[in-house]
1. How far, in nm, would the chain grow between residue 106 and residue 322 when pulled straight, counting 0.36 nm per residue and subtracting the alpha carbon separation?
2. For residue 142 and residue 56, FRET efficiency with R0 = 56 Å and r from the beta-carbon atoms, rounded to 0.05?
3. Just the Kirkwood number for the stretch 192-335, please: inverse of mean 1/r across all distinct Cα pairs, in Å, one decimal.
4. Can you order the peptides 250-257, 137-144, 278-285, 265-272 by their average number of other Cβ atoms within 10 Å per residue, highest first?
5. Which one, 330, 183, 236, projects farthest toward the positive side of the charge dipole computed for the chain from Cβ point charges (K/R +1, D/E -1)?
6. How many nm is it between the label spots at residue 114 and residue 64, if each spot is 7 Å from the Cα in line with the beta carbon?
7. Quickly work out the residue 282-to-residue 134 label distance, labels modelled 7 Å from Cα along the C-beta direction, and quote it in nm with one decimal.
8. How tilted is helix 38-47 with respect to the longest principal axis of the chain? Cα atoms for both, answer in degrees (0 to 90, nearest 10).
Amino acid sequence: MTGPKLTYAVIGAGSIGGRHIRNLVALGRGVVVVDPSPSIRRKVKRIFPGVSVYSDLKAMPAECAGAALICTPTNSHIPAALACARRGMHLFIEKPLSHQIAGIGLLRREAAVRKLITMVGCNMRFQYGIKRLRQLSALVGRVFSIRCYFGQYLPDWRPGRDYTKTYSASGSSGGGVMLDAVHEFDYLLDLMPGKPVSISAMAATSGLLRVTCEDNAAVTIRFDDGAIGEIHLDYLNREYTRGCVIAGERGTIAWDEREAKIRVSLKGRRPRIEREPRGSGYGRSYIEELLHFEHCIRIRRETVNPLSLSLKVLRLVLAARRSSERMKHVKVDWE
């Protein structure tokens, strides 16, 4: 790494904020933390005694950090990001970008005026299996369909605390499985060569969990080249499952994250299995996304997932919700 040392302000030190703090400290980066919870601040001070901790952004000295990691609940992402942008801080916002469109236009303008580097943290883009799918997808030729799926029992996903008090379980906080597991929308769009034109979705609250948002969703997306994308997401699966299947004119590629393997089945060839290399697991993707963000700041280049692109993903999720509410196909406002 070249240039002056970059210090990061982690705004919100809960589960994902704590992970980023650990990674930044392990990478030897400067870190300050902002969190309104006294208990969380005490925990951060205990685990990371060298990290400065503040109760709010106003208490943090000006010019204290050059970049911010927004790790607050989804419904507070935009206000927190705006406050940091107005301090001239580059922005890394944890997924999803927001739970609504309001305020994003203003944030984009503030970032543009100040020439800030922006990124929404969809770490699955840096997961080995997804990167390998991107490389292998050319082997199948024209893509006809991509099916993405994710399922995990919410109480297991949020262990050690009352899961009903997490943002995942609260519609008003920006929860719900379609926003919480937005990775599948994000990497599906990244893998698909075409643009989405319409979407049809069914989302439901099963009643099994005490949540105020959808915990089960099935989504179908039509693309302008005739391809179909399918997404299944749920908080209900007692056995963690995540994967993707790409079907094309010359074969099929199937990735299973739980088994850490990719099966490549091409016309006229025997199927083969690729195993993910040791040390390339899910945790590594969080480090790689931070290094990418930092590199883009250093060279003043747009990241792979800036505000403009993540806004498109958010529009797609919100269109899926409208489709479910209206029980009909919905056109996608992609531009």
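1. Numbers: separation 216, 0.36 × 216 = 77.76 nm, distance 2.39 nm.
Full-extension gain reported as 75.4 nm.
2. Working: r = 53 Å, r/R0 = 0.94.
Result of the calculation: an efficiency of 0.60.
3. Values: mean 1/r = 0.0549 Å⁻¹.
Roughly 18.2 Å, rounded to one decimal.
4. The packing order, highest mean first, is 250-257, 137-144, 278-285, 265-272.
5. Farthest towards the positive pole: 183.
6. Computed distance between label sites residue 114 and residue 64 equals 1.5 nm.
7. 2.0 nm
8. Long axis of 38-47 versus the principal axis of the chain: about 90 degrees.
Every number in this text was worked out from the coordinates using simple rules, so none of it is lab data. The shown structure was predicted, so the numbers you read here are calculated from the model rather than taken from an experiment. A quick note on method: Cβ atoms are made from the backbone with ideal geometry, for glycine too, and the neighbour counts reach across all protein chains shown.
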